[in-house]
Amino acid sequence: MKRSHEPPLWLLFGAGGLLAALLGPALILLTGVVVPVAAERGVEVLGYEATRELLARPLVGVLLALSLGVVLWHAAHRIYHTLRDLGMRAGQGVWWACYGSAAIGTLVAIGAVIALW
Amino acid sequence: MSRPPVYRPSMRGWWQRHPAYRRYLLREGSSALLAAYALWLLAGLVSLAAGEAAYERWRELHGNPWVFGVHLAALLAALYHAVTWFRLLPLTLPALRWGGRRITDRTLVRGAWLTSVALSVGVWLYLLGGVR
Amino acid sequence: MSEPAKITLEVQRYHPEQDSGPRWQRYTVPYTAEMSVLEGLQYIKDHLDGSLTFRWSCRMAICGSCGCMIDGEPELACHVFLRDYAPGPVRVAALDHFPIQRDLVIDHSDFLEKLETVHSYLIPAEERTPADGTHRQTPQAMADYYDYAQCINCLLCYAACPQYGWHPDFAGPAALALLQRYNLDDRDGGHRLRERVIDAEQGVWGCTLVGYCSEVCPKGVDPARAINQNKAGSAARYLLGWWRPGRRRGEDRE
(Lines give C-alpha, C1' and ligand atoms only; values in the text may rest on other atoms or scores of the structure.)
Protein backbone atom coordinates (compact mmCIF):
# COMPACT_ATOMS: atom_id res chain seq x y z
CA MET A 1 0.00 0.00 0.00
CA LYS A 2 1.40 3.34 -1.05
CA ARG A 3 1.94 5.77 1.81
CA SER A 4 -0.08 8.96 1.46
CA HIS A 5 1.62 12.35 1.28
CA GLU A 6 -1.54 14.16 2.37
CA PRO A 7 -0.48 14.73 6.04
CA PRO A 8 1.47 18.00 5.66
CA LEU A 9 -1.23 19.36 3.32
CA TRP A 10 -3.89 18.30 5.80
CA LEU A 11 -2.11 19.90 8.77
CA LEU A 12 -1.94 23.26 7.00
CA PHE A 13 -5.55 22.84 5.85
CA GLY A 14 -6.53 22.20 9.47
CA ALA A 15 -4.63 25.21 10.78
CA GLY A 16 -6.26 27.49 8.22
CA GLY A 17 -9.70 26.03 8.86
CA LEU A 18 -9.40 26.42 12.61
CA LEU A 19 -8.20 30.01 12.32
CA ALA A 20 -10.97 30.88 9.86
CA ALA A 21 -13.54 29.28 12.14
CA LEU A 22 -12.31 31.05 15.28
CA LEU A 23 -11.74 34.54 13.86
CA GLY A 24 -13.35 34.67 10.40
CA PRO A 25 -16.84 35.86 11.35
CA ALA A 26 -15.55 38.51 13.78
CA LEU A 27 -13.00 39.88 11.31
CA ILE A 28 -15.43 40.02 8.38
CA LEU A 29 -17.94 41.74 10.63
CA LEU A 30 -15.32 44.30 11.63
CA THR A 31 -13.79 45.16 8.29
CA GLY A 32 -16.76 44.41 6.06
CA VAL A 33 -19.62 45.88 8.06
CA VAL A 34 -18.34 48.10 10.90
CA VAL A 35 -15.82 50.00 8.77
CA PRO A 36 -18.29 51.21 6.10
CA VAL A 37 -21.21 51.71 8.52
CA ALA A 38 -19.01 53.76 10.85
CA ALA A 39 -17.63 55.73 7.90
CA GLU A 40 -21.16 56.72 6.94
CA ARG A 41 -21.63 58.11 10.42
CA GLY A 42 -18.36 60.02 10.19
CA VAL A 43 -16.40 57.68 12.48
CA GLU A 44 -13.02 56.49 11.25
CA VAL A 45 -12.35 52.82 11.95
CA LEU A 46 -9.01 51.20 10.99
CA GLY A 47 -7.62 54.45 9.56
CA TYR A 48 -4.18 54.55 7.97
CA GLU A 49 -2.13 55.81 10.92
CA ALA A 50 -3.80 53.58 13.50
CA THR A 51 -3.69 50.43 11.38
CA ARG A 52 -0.10 50.99 10.33
CA GLU A 53 0.95 51.32 13.95
CA LEU A 54 -0.92 48.12 14.93
CA LEU A 55 0.42 45.97 12.09
CA ALA A 56 3.97 47.32 12.00
CA ARG A 57 4.82 45.38 15.14
CA PRO A 58 6.96 42.45 13.94
CA LEU A 59 5.13 39.79 15.96
CA VAL A 60 1.70 41.00 14.85
CA GLY A 61 2.87 41.31 11.25
CA VAL A 62 4.33 37.81 11.12
CA LEU A 63 1.20 36.32 12.72
CA LEU A 64 -0.98 38.17 10.22
CA ALA A 65 1.06 37.04 7.22
CA LEU A 66 1.11 33.41 8.35
CA SER A 67 -2.62 33.54 9.17
CA LEU A 68 -3.48 34.81 5.70
CA GLY A 69 -1.18 32.12 4.32
CA VAL A 70 -2.81 29.17 6.07
CA VAL A 71 -6.32 30.41 5.24
CA LEU A 72 -5.35 30.63 1.55
CA TRP A 73 -3.83 27.15 1.93
CA HIS A 74 -7.03 25.85 3.52
CA ALA A 75 -9.10 27.14 0.61
CA ALA A 76 -6.64 25.82 -2.00
CA HIS A 77 -6.80 22.34 -0.44
CA ARG A 78 -10.58 22.34 -0.30
CA ILE A 79 -11.03 23.74 -3.80
CA TYR A 80 -8.57 21.22 -5.27
CA HIS A 81 -10.33 18.28 -3.63
CA THR A 82 -13.80 19.55 -4.47
CA LEU A 83 -12.87 19.86 -8.16
CA ARG A 84 -11.89 16.20 -8.02
CA ASP A 85 -15.10 15.33 -6.15
CA LEU A 86 -17.09 16.92 -8.98
CA GLY A 87 -15.46 14.57 -11.45
CA MET A 88 -12.80 16.85 -12.89
CA ARG A 89 -9.60 15.00 -13.64
CA ALA A 90 -7.61 17.63 -11.74
CA GLY A 91 -4.00 16.60 -12.30
CA GLN A 92 -0.64 18.18 -11.63
CA GLY A 93 -1.51 21.44 -13.40
CA VAL A 94 -4.53 22.15 -11.24
CA TRP A 95 -2.60 21.04 -8.14
CA TRP A 96 0.12 23.60 -8.81
CA ALA A 97 -2.45 26.28 -9.68
CA CYS A 98 -4.25 25.83 -6.35
CA TYR A 99 -1.36 25.34 -3.95
CA GLY A 100 0.95 27.55 -5.95
CA SER A 101 -1.37 30.56 -5.69
CA ALA A 102 -1.65 29.95 -1.93
CA ALA A 103 2.15 29.92 -1.70
CA ILE A 104 2.44 33.10 -3.76
CA GLY A 105 -0.20 34.78 -1.59
CA THR A 106 1.76 33.85 1.53
CA LEU A 107 4.96 35.28 0.07
CA VAL A 108 3.19 38.52 -0.91
CA ALA A 109 1.81 38.79 2.62
CA ILE A 110 5.23 38.28 4.19
CA GLY A 111 6.71 40.84 1.77
CA ALA A 112 4.04 43.43 2.60
CA VAL A 113 4.55 42.91 6.33
CA ILE A 114 8.31 43.34 6.03
CA ALA A 115 7.71 46.53 4.02
CA LEU A 116 5.88 47.94 7.03
CA TRP A 117 8.94 47.66 9.32
CA MET B 1 -17.37 -21.26 -16.61
CA SER B 2 -16.96 -17.54 -17.41
CA ARG B 3 -18.17 -14.99 -14.86
CA PRO B 4 -21.43 -13.33 -15.83
CA PRO B 5 -21.11 -9.61 -16.65
CA VAL B 6 -21.68 -7.12 -13.85
CA TYR B 7 -23.03 -3.61 -14.27
CA ARG B 8 -20.95 -0.77 -12.84
CA PRO B 9 -23.05 2.30 -12.01
CA SER B 10 -21.78 5.82 -12.89
CA MET B 11 -20.82 8.63 -10.49
CA ARG B 12 -22.08 11.36 -12.81
CA GLY B 13 -24.21 13.90 -10.94
CA TRP B 14 -23.71 12.03 -7.66
CA TRP B 15 -24.05 15.19 -5.59
CA GLN B 16 -27.64 15.70 -6.71
CA ARG B 17 -28.76 12.33 -5.35
CA HIS B 18 -29.13 13.37 -1.70
CA PRO B 19 -29.30 16.55 0.44
CA ALA B 20 -26.35 15.28 2.48
CA TYR B 21 -24.17 15.56 -0.61
CA ARG B 22 -25.38 19.10 -1.38
CA ARG B 23 -24.65 20.14 2.21
CA TYR B 24 -21.14 18.71 1.83
CA LEU B 25 -20.50 20.73 -1.34
CA LEU B 26 -21.90 23.85 0.32
CA ARG B 27 -19.53 23.32 3.22
CA GLU B 28 -16.54 22.79 0.94
CA GLY B 29 -17.61 25.69 -1.28
CA SER B 30 -17.68 28.13 1.64
CA SER B 31 -13.89 28.08 1.50
CA ALA B 32 -14.02 29.95 -1.84
CA LEU B 33 -15.57 33.00 -0.18
CA LEU B 34 -13.12 32.68 2.71
CA ALA B 35 -10.28 32.74 0.18
CA ALA B 36 -11.81 35.81 -1.47
CA TYR B 37 -11.85 37.60 1.89
CA ALA B 38 -8.28 36.55 2.66
CA LEU B 39 -7.18 37.90 -0.75
CA TRP B 40 -9.10 41.13 -0.07
CA LEU B 41 -7.26 41.51 3.28
CA LEU B 42 -4.04 40.76 1.46
CA ALA B 43 -4.82 43.60 -0.94
CA GLY B 44 -5.43 45.83 2.06
CA LEU B 45 -2.12 44.79 3.61
CA VAL B 46 -0.25 45.52 0.38
CA SER B 47 -1.96 48.89 0.04
CA LEU B 48 -1.03 49.68 3.67
CA ALA B 49 2.61 49.06 2.81
CA ALA B 50 2.25 51.12 -0.38
CA GLY B 51 1.15 54.26 1.45
CA GLU B 52 -1.74 56.34 2.79
CA ALA B 53 -3.38 57.14 -0.53
CA ALA B 54 -3.49 53.51 -1.64
CA TYR B 55 -4.73 52.29 1.74
CA GLU B 56 -7.46 54.90 2.03
CA ARG B 57 -8.66 53.94 -1.46
CA TRP B 58 -8.93 50.31 -0.25
CA ARG B 59 -10.73 51.36 2.91
CA GLU B 60 -13.17 53.59 1.03
CA LEU B 61 -14.13 50.72 -1.27
CA HIS B 62 -15.85 49.03 1.68
CA GLY B 63 -18.68 51.50 1.22
CA ASN B 64 -19.30 50.26 -2.31
CA PRO B 65 -22.58 48.28 -2.37
CA TRP B 66 -21.06 45.37 -4.32
CA VAL B 67 -18.11 45.13 -1.95
CA PHE B 68 -20.49 45.33 1.00
CA GLY B 69 -22.68 42.63 -0.50
CA VAL B 70 -19.78 40.24 -1.06
CA HIS B 71 -18.65 40.83 2.51
CA LEU B 72 -22.12 39.86 3.76
CA ALA B 73 -21.96 36.69 1.68
CA ALA B 74 -18.49 36.00 3.06
CA LEU B 75 -19.80 36.54 6.59
CA LEU B 76 -22.50 33.92 6.03
CA ALA B 77 -19.94 31.58 4.50
CA ALA B 78 -17.59 32.11 7.47
CA LEU B 79 -20.39 31.38 9.93
CA TYR B 80 -21.40 28.22 8.06
CA HIS B 81 -17.74 27.21 7.98
CA ALA B 82 -17.37 27.80 11.73
CA VAL B 83 -20.57 25.91 12.61
CA THR B 84 -19.62 22.87 10.51
CA TRP B 85 -15.94 22.99 11.51
CA PHE B 86 -16.67 22.96 15.25
CA ARG B 87 -19.29 20.24 14.75
CA LEU B 88 -16.73 18.03 12.99
CA LEU B 89 -13.81 18.87 15.27
CA PRO B 90 -14.74 16.26 17.94
CA LEU B 91 -14.65 13.55 15.26
CA THR B 92 -10.94 14.16 14.75
CA LEU B 93 -10.11 13.73 18.44
CA PRO B 94 -9.67 10.54 20.45
CA ALA B 95 -12.00 9.85 23.37
CA LEU B 96 -11.06 12.43 26.02
CA ARG B 97 -11.62 12.08 29.74
CA TRP B 98 -11.54 14.58 32.58
CA GLY B 99 -11.44 13.10 36.07
CA GLY B 100 -12.79 9.78 34.85
CA ARG B 101 -15.76 11.25 32.96
CA ARG B 102 -15.97 11.37 29.19
CA ILE B 103 -15.79 14.85 27.61
CA THR B 104 -18.81 14.94 25.29
CA ASP B 105 -18.94 16.35 21.76
CA ARG B 106 -21.33 19.03 23.02
CA THR B 107 -18.77 20.19 25.59
CA LEU B 108 -16.08 20.38 22.93
CA VAL B 109 -18.31 22.39 20.58
CA ARG B 110 -19.23 24.81 23.38
CA GLY B 111 -15.55 25.15 24.28
CA ALA B 112 -14.71 25.94 20.67
CA TRP B 113 -17.36 28.65 20.44
CA LEU B 114 -16.22 30.16 23.77
CA THR B 115 -12.66 30.22 22.46
CA SER B 116 -13.86 31.86 19.26
CA VAL B 117 -15.73 34.58 21.16
CA ALA B 118 -12.80 35.20 23.51
CA LEU B 119 -10.25 35.44 20.68
CA SER B 120 -12.61 37.58 18.58
CA VAL B 121 -13.14 40.04 21.44
CA GLY B 122 -9.38 40.19 21.92
CA VAL B 123 -8.73 40.90 18.25
CA TRP B 124 -11.50 43.53 18.12
CA LEU B 125 -10.10 45.29 21.18
CA TYR B 126 -6.63 45.25 19.69
CA LEU B 127 -7.70 46.57 16.30
CA LEU B 128 -10.07 49.17 17.69
CA GLY B 129 -7.35 50.54 19.96
CA GLY B 130 -8.59 49.27 23.30
CA VAL B 131 -5.50 47.18 23.96
CA ARG B 132 -1.94 48.24 23.37
CA MET C 1 -63.13 -7.53 5.55
CA SER C 2 -62.09 -4.34 3.75
CA GLU C 3 -59.73 -4.29 0.77
CA PRO C 4 -56.06 -4.07 1.99
CA ALA C 5 -54.13 -0.91 1.13
CA LYS C 6 -51.85 -1.10 -1.90
CA ILE C 7 -48.42 0.36 -2.54
CA THR C 8 -46.44 0.57 -5.78
CA LEU C 9 -42.85 -0.64 -5.72
CA GLU C 10 -40.53 0.25 -8.59
CA VAL C 11 -37.73 -2.31 -8.38
CA GLN C 12 -34.43 -2.29 -10.23
CA ARG C 13 -34.09 -5.38 -12.39
CA TYR C 14 -30.95 -6.65 -14.09
CA HIS C 15 -30.53 -10.13 -15.53
CA PRO C 16 -27.20 -9.99 -17.39
CA GLU C 17 -28.10 -12.95 -19.62
CA GLN C 18 -30.84 -10.87 -21.23
CA ASP C 19 -30.41 -7.22 -20.12
CA SER C 20 -27.70 -4.85 -21.33
CA GLY C 21 -28.22 -2.67 -18.26
CA PRO C 22 -30.53 -2.17 -15.30
CA ARG C 23 -34.22 -1.35 -15.87
CA TRP C 24 -37.19 -0.60 -13.63
CA GLN C 25 -40.18 -2.84 -13.08
CA ARG C 26 -43.37 -1.86 -11.25
CA TYR C 27 -45.30 -4.04 -8.86
CA THR C 28 -48.45 -3.35 -6.85
CA VAL C 29 -48.21 -4.90 -3.42
CA PRO C 30 -50.95 -5.13 -0.74
CA TYR C 31 -49.50 -4.05 2.59
CA THR C 32 -50.31 -3.69 6.26
CA ALA C 33 -48.90 -1.25 8.80
CA GLU C 34 -46.38 -3.76 10.16
CA MET C 35 -44.84 -4.79 6.83
CA SER C 36 -41.23 -3.90 6.09
CA VAL C 37 -39.97 -3.15 2.58
CA LEU C 38 -38.24 -6.55 2.74
CA GLU C 39 -41.62 -8.19 3.23
CA GLY C 40 -42.84 -6.22 0.21
CA LEU C 41 -40.01 -7.71 -1.85
CA GLN C 42 -40.81 -11.17 -0.47
CA TYR C 43 -44.45 -10.74 -1.48
CA ILE C 44 -43.32 -9.89 -5.02
CA LYS C 45 -41.11 -12.97 -5.17
CA ASP C 46 -43.72 -15.28 -3.64
CA HIS C 47 -46.80 -14.08 -5.53
CA LEU C 48 -45.95 -11.81 -8.46
CA ASP C 49 -42.49 -12.49 -9.91
CA GLY C 50 -40.37 -15.40 -8.72
CA SER C 51 -37.39 -14.20 -10.77
CA LEU C 52 -36.72 -11.23 -8.42
CA THR C 53 -33.36 -11.80 -6.73
CA PHE C 54 -32.28 -10.23 -3.46
CA ARG C 55 -30.35 -11.08 -0.26
CA TRP C 56 -31.98 -11.35 3.15
CA SER C 57 -31.76 -13.43 6.30
CA CYS C 58 -32.53 -12.31 9.83
CA ARG C 59 -35.36 -9.80 9.11
CA MET C 60 -34.22 -7.84 12.18
CA ALA C 61 -31.30 -5.58 11.17
CA ILE C 62 -28.53 -7.72 12.62
CA CYS C 63 -27.25 -9.89 9.74
CA GLY C 64 -26.59 -7.01 7.33
CA SER C 65 -27.77 -8.90 4.21
CA CYS C 66 -30.66 -6.83 2.86
CA GLY C 67 -29.00 -3.47 2.20
CA CYS C 68 -30.39 -1.57 -0.81
CA MET C 69 -31.25 1.94 -2.02
CA ILE C 70 -34.80 2.86 -1.06
CA ASP C 71 -35.90 6.12 -2.70
CA GLY C 72 -32.25 7.02 -3.11
CA GLU C 73 -31.18 6.34 0.47
CA PRO C 74 -29.11 3.38 1.65
CA GLU C 75 -31.32 1.35 3.98
CA LEU C 76 -31.75 -2.17 5.34
CA ALA C 77 -34.96 -3.33 3.65
CA CYS C 78 -36.04 -5.07 6.86
CA HIS C 79 -35.50 -1.89 8.84
CA VAL C 80 -38.00 0.40 7.07
CA PHE C 81 -41.76 0.16 6.73
CA LEU C 82 -43.84 0.20 3.54
CA ARG C 83 -46.38 2.45 5.27
CA ASP C 84 -43.78 5.27 5.35
CA TYR C 85 -43.53 5.26 1.54
CA ALA C 86 -47.22 4.70 0.72
CA PRO C 87 -48.84 5.01 -1.74
CA GLY C 88 -45.55 5.10 -3.66
CA PRO C 89 -44.07 4.48 -6.15
CA VAL C 90 -41.10 3.71 -3.92
CA ARG C 91 -37.88 2.98 -5.80
CA VAL C 92 -35.87 -0.01 -4.61
CA ALA C 93 -32.46 -0.37 -6.24
CA ALA C 94 -29.17 -2.16 -5.60
CA LEU C 95 -26.68 -0.51 -3.24
CA ASP C 96 -24.76 2.35 -4.86
CA HIS C 97 -21.06 2.14 -5.72
CA PHE C 98 -20.94 -1.64 -6.09
CA PRO C 99 -21.02 -3.71 -9.28
CA ILE C 100 -24.50 -5.17 -9.71
CA GLN C 101 -24.56 -8.91 -10.30
CA ARG C 102 -28.31 -9.53 -10.57
CA ASP C 103 -31.36 -7.42 -9.59
CA LEU C 104 -30.60 -6.18 -6.05
CA VAL C 105 -27.59 -8.41 -5.53
CA ILE C 106 -24.24 -6.61 -5.56
CA ASP C 107 -20.71 -7.97 -5.78
CA HIS C 108 -19.24 -7.29 -2.33
CA SER C 109 -16.00 -9.22 -2.78
CA ASP C 110 -14.05 -5.94 -2.76
CA PHE C 111 -15.20 -5.24 0.79
CA LEU C 112 -14.28 -8.75 1.93
CA GLU C 113 -10.76 -8.25 0.56
CA LYS C 114 -10.51 -4.89 2.35
CA LEU C 115 -11.61 -6.52 5.60
CA GLU C 116 -8.70 -8.96 5.38
CA THR C 117 -6.15 -6.16 4.97
CA VAL C 118 -7.13 -4.41 8.23
CA HIS C 119 -6.44 -7.45 10.43
CA SER C 120 -9.90 -7.31 11.98
CA TYR C 121 -9.12 -9.77 14.78
CA LEU C 122 -7.47 -9.57 18.17
CA ILE C 123 -3.68 -9.68 18.03
CA PRO C 124 -2.85 -10.16 21.73
CA ALA C 125 -0.58 -7.52 23.23
CA GLU C 126 0.96 -10.11 25.55
CA GLU C 127 1.53 -13.81 25.16
CA ARG C 128 -1.34 -15.72 26.72
CA THR C 129 -2.30 -19.36 27.07
CA PRO C 130 -5.64 -20.87 28.10
CA ALA C 131 -4.07 -21.46 31.51
CA ASP C 132 -4.04 -17.66 32.00
CA GLY C 133 -7.82 -17.78 32.09
CA THR C 134 -10.32 -15.32 30.58
CA HIS C 135 -8.77 -12.21 29.10
CA ARG C 136 -10.66 -9.67 31.24
CA GLN C 137 -11.38 -6.04 30.52
CA THR C 138 -13.01 -3.23 32.49
CA PRO C 139 -16.39 -1.89 31.33
CA GLN C 140 -14.72 1.49 30.65
CA ALA C 141 -12.11 -0.16 28.44
CA MET C 142 -14.85 -1.89 26.49
CA ALA C 143 -16.78 1.37 26.16
CA ASP C 144 -13.80 2.80 24.25
CA TYR C 145 -14.40 0.54 21.24
CA TYR C 146 -17.97 -0.67 21.78
CA ASP C 147 -19.62 1.47 19.11
CA TYR C 148 -17.14 0.35 16.45
CA ALA C 149 -17.80 -3.28 17.37
CA GLN C 150 -21.47 -2.95 16.41
CA CYS C 151 -20.73 -3.08 12.66
CA ILE C 152 -22.79 -5.74 10.86
CA ASN C 153 -20.98 -5.32 7.52
CA CYS C 154 -24.18 -4.23 5.77
CA LEU C 155 -22.25 -1.89 3.43
CA LEU C 156 -24.78 0.97 3.63
CA CYS C 157 -21.82 3.23 4.49
CA TYR C 158 -20.03 2.26 1.27
CA ALA C 159 -23.18 3.14 -0.69
CA ALA C 160 -23.22 6.49 1.09
CA CYS C 161 -19.56 7.32 0.54
CA PRO C 162 -18.83 9.30 -2.67
CA GLN C 163 -15.08 8.80 -2.21
CA TYR C 164 -15.61 5.03 -2.41
CA GLY C 165 -17.81 5.64 -5.43
CA TRP C 166 -15.01 7.54 -7.17
CA HIS C 167 -12.09 5.45 -5.86
CA PRO C 168 -13.03 1.80 -5.25
CA ASP C 169 -9.56 1.15 -3.85
CA PHE C 170 -10.45 3.32 -0.82
CA ALA C 171 -10.52 1.04 2.24
CA GLY C 172 -13.90 2.56 3.13
CA PRO C 173 -15.89 3.31 6.27
CA ALA C 174 -16.70 -0.15 7.65
CA ALA C 175 -13.22 -1.64 7.13
CA LEU C 176 -11.60 1.38 8.82
CA ALA C 177 -14.16 1.38 11.64
CA LEU C 178 -13.37 -2.28 12.31
CA LEU C 179 -9.67 -1.48 12.19
CA GLN C 180 -10.27 1.16 14.86
CA ARG C 181 -12.36 -1.30 16.91
CA TYR C 182 -9.28 -3.48 17.34
CA ASN C 183 -6.81 -0.63 17.75
CA LEU C 184 -8.87 0.77 20.63
CA ASP C 185 -9.26 -2.62 22.34
CA ASP C 186 -6.78 -2.61 25.22
CA ARG C 187 -6.26 -6.36 24.86
CA ASP C 188 -4.91 -5.82 21.33
CA GLY C 189 -1.29 -5.16 20.40
CA GLY C 190 -1.51 -5.04 16.60
CA HIS C 191 -1.67 -1.30 15.95
CA ARG C 192 1.72 -1.25 14.20
CA LEU C 193 0.47 -3.76 11.64
CA ARG C 194 -2.63 -1.71 10.97
CA GLU C 195 -0.65 1.53 10.58
CA ARG C 196 0.22 0.42 7.05
CA VAL C 197 -3.44 0.64 6.10
CA ILE C 198 -4.14 3.82 8.07
CA ASP C 199 -1.25 5.78 6.54
CA ALA C 200 -1.94 4.68 2.96
CA GLU C 201 -3.54 6.83 0.23
CA GLN C 202 -6.41 4.35 0.29
CA GLY C 203 -6.49 4.45 4.07
CA VAL C 204 -7.79 7.30 6.19
CA TRP C 205 -6.46 9.83 3.65
CA GLY C 206 -9.09 8.77 1.16
CA CYS C 207 -11.73 10.32 3.40
CA THR C 208 -12.89 13.94 3.06
CA LEU C 209 -15.36 13.76 5.95
CA VAL C 210 -18.54 13.92 3.93
CA GLY C 211 -20.01 12.24 7.00
CA TYR C 212 -22.97 10.64 5.24
CA CYS C 213 -21.66 7.18 6.17
CA SER C 214 -22.32 7.81 9.85
CA GLU C 215 -25.78 9.17 9.04
CA VAL C 216 -26.90 5.99 7.26
CA CYS C 217 -25.35 3.44 9.61
CA PRO C 218 -28.21 1.42 11.15
CA LYS C 219 -26.11 0.41 14.19
CA GLY C 220 -24.66 3.77 15.25
CA VAL C 221 -21.07 2.77 14.48
CA ASP C 222 -19.98 6.30 13.42
CA PRO C 223 -17.32 5.24 10.89
CA ALA C 224 -16.60 8.90 10.06
CA ARG C 225 -15.28 9.32 13.58
CA ALA C 226 -13.29 6.07 13.45
CA ILE C 227 -11.52 7.22 10.29
CA ASN C 228 -10.86 10.83 11.26
CA GLN C 229 -9.60 9.96 14.74
CA ASN C 230 -6.61 8.44 12.96
CA LYS C 231 -5.61 11.42 10.83
CA ALA C 232 -3.71 13.32 13.54
CA GLY C 233 -1.72 10.21 14.54
CA SER C 234 -0.98 9.41 10.92
CA ALA C 235 0.20 12.99 10.34
CA ALA C 236 2.41 12.77 13.44
CA ARG C 237 3.97 9.54 12.15
CA TYR C 238 4.58 11.22 8.80
CA LEU C 239 6.43 14.14 10.38
CA LEU C 240 8.34 11.73 12.62
CA GLY C 241 9.35 10.01 9.41
CA TRP C 242 11.12 13.24 8.32
CA TRP C 243 12.86 13.43 11.67
CA ARG C 244 13.92 9.79 11.67
CA PRO C 245 13.69 8.67 8.02
CA GLY C 246 15.38 5.30 8.56
CA ARG C 247 12.35 3.86 10.28
CA ARG C 248 9.97 4.64 7.42
CA ARG C 249 12.16 4.00 4.38
CA GLY C 250 12.24 0.25 4.84
CA GLU C 251 8.47 0.01 5.00
CA ASP C 252 7.93 2.29 1.99
CA ARG C 253 9.95 0.02 -0.24
CA GLU C 254 7.27 -2.66 -0.12
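The values are calculated or read from the model by the stated rules, or taken from the named source; none is laboratory data. The model shown is predicted, which means the values in this text are computed figures rather than measured ones. Cβ placement follows ideal geometry from the backbone for every residue including glycine, while neighbour counts extend to all protein chains displayed. Accessible surface areas use protein heavy atoms only, side chains included; no ligands, DNA or RNA. Shrake-Rupley method; radii C 1.70, N 1.55, O 1.52, S 1.80 Å.
Scanning region A:79-92 for residues that are farther than 13 Å from C:Val210 by Cβ and open to solvent by less than 30 Å² (accessible area, probe 1.4 Å) yields a total of 2. Counting only helices (runs of 4 or more DSSP H) wholly contained in region C:153-232, the ones carrying 3 or more residues that are over 17 Å from B:Leu88 (Cβ atoms) and within 18 Å of the chain's Cα centre (by Cα) occupy C:156-160, C:162-166, C:173-183.
Of everything in region C:101-122 that's in contact with a Lys or Arg (Cβ under 8 Å, 6 or more places away or on another chain) and open to solvent by less than 10 Å² (accessible area, probe 1.4 Å), which residue is farthest from C:Pro30 (Cα to Cα)?
C:Val118
Let's see how each residue does on (1) surrounded by 18 or more Cβ atoms within 10 Å (Cβ to Cβ); (2) at the interface with another protein chain (Cβ under 10 Å from one of its Cβ atoms); (3) aromatic (Phe, Trp, Tyr); (4) not in a loop (DSSP other than H, G, I, E, B):
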position	(1), (2), (3), (4)
A:Pro36	yes, yes, no, yes
A:Glu44	no, yes, no, no
A:Glu49	no, yes, no, yes
A:Glu53	no, yes, no, yes
A:His77	yes, yes, no, yes
A:Ala97	no, no, no, yes
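A:Arg89 - would you say it is of a type in the set (Lys, Arg), in a helix (DSSP H, G or I) and more than 9 Å from chain B (Cβ to nearest Cβ)?
Numbers: of a type in the set (Lys, Arg): yes; in a helix (DSSP H, G or I): no; more than 9 Å from chain B (Cβ to nearest Cβ): yes.
So A:Arg89 fails the test.
Take the conditions (1) touching a Gly at 6+ places or on another chain (Cβ under 6 Å); (2) under 27 Å from C:Asp199 (Cβ atoms); A:His81 misses just one of them, which is (1). Taken across region C:81-97, residues that are open to solvent by 10 Å² or more (accessible area, probe 1.4 Å), touching a Ser or Thr at 6+ places or on another chain (Cβ under 7 Å) and under 30 Å from C:Gly203 (Cα atoms) do not occur at all.
Does region B:36-48 contain any residue that is outside the structural domain of B:Tyr24 (by TED's automatic domain parsing), more than 21 Å from the chain's Cα centre (by Cα) and either without any contact (Cβ under 8 Å) to a residue 12 or more places away in the chain or surrounded by fewer than 16 Cβ atoms within 10 Å (Cβ to Cβ) (or both)? No.
Looking only at region B:59-75, how many residues end up being open to solvent by 50 Å² or more (accessible area, probe 1.4 Å) and in a helix (DSSP H, G or I)?
Looking only at region B:59-75, we keep the residues that are open to solvent by 50 Å² or more (accessible area, probe 1.4 Å), and these are B:60-61, B:63-66, B:68, B:70, B:72.
Next, from what is left, pick out any that are in a helix (DSSP H, G or I): B:60-61, B:65-66, B:68, B:70, B:72.
Number of matching residues: 7.
Kindly indicate the residue of region C:173-201 that is within 14 Å of chain A (Cβ to nearest Cβ) and crowded, with 22+ Cβ neighbours inside 10 Å and also farthest from B:Ala20 (Cα to Cα) among those meeting that condition. Top of the filtered list is C:Arg194. Among the residues of region B:9-32, what is the count of those that are within 12 Å of chain A (Cβ to nearest Cβ), part of a helix (DSSP H, G or I) and not charged (D, E, K, R)? Number satisfying all stated conditions: 11. Exactly one residue out of C:Glu126, C:Glu75 is of a type in the set (Asp, Glu) and surrounded by 20 or more Cβ atoms within 10 Å (Cβ to Cβ), and it is C:Glu75. Answer with yes or no whether A:Ala102 is of a type in the set (Gly, Ala, Ser), modelled with pLDDT under 95 and within 27 Å of B:Gly69 (Cα to Cα). For A:Ala102, the condition - of a type in the set (Gly, Ala, Ser), modelled with pLDDT under 95 and within 27 Å of B:Gly69 (Cα to Cα) - is not met.
Among the candidates C:Ile70, C:Ile62, the residue that is in contact (Cβ under 8 Å) with a residue 24 or more places away in the chain, open to solvent by 70 Å² or more (accessible area, probe 1.4 Å) and closer than 19 Å to C:Cys157 by Cβ is uniquely C:Ile62.
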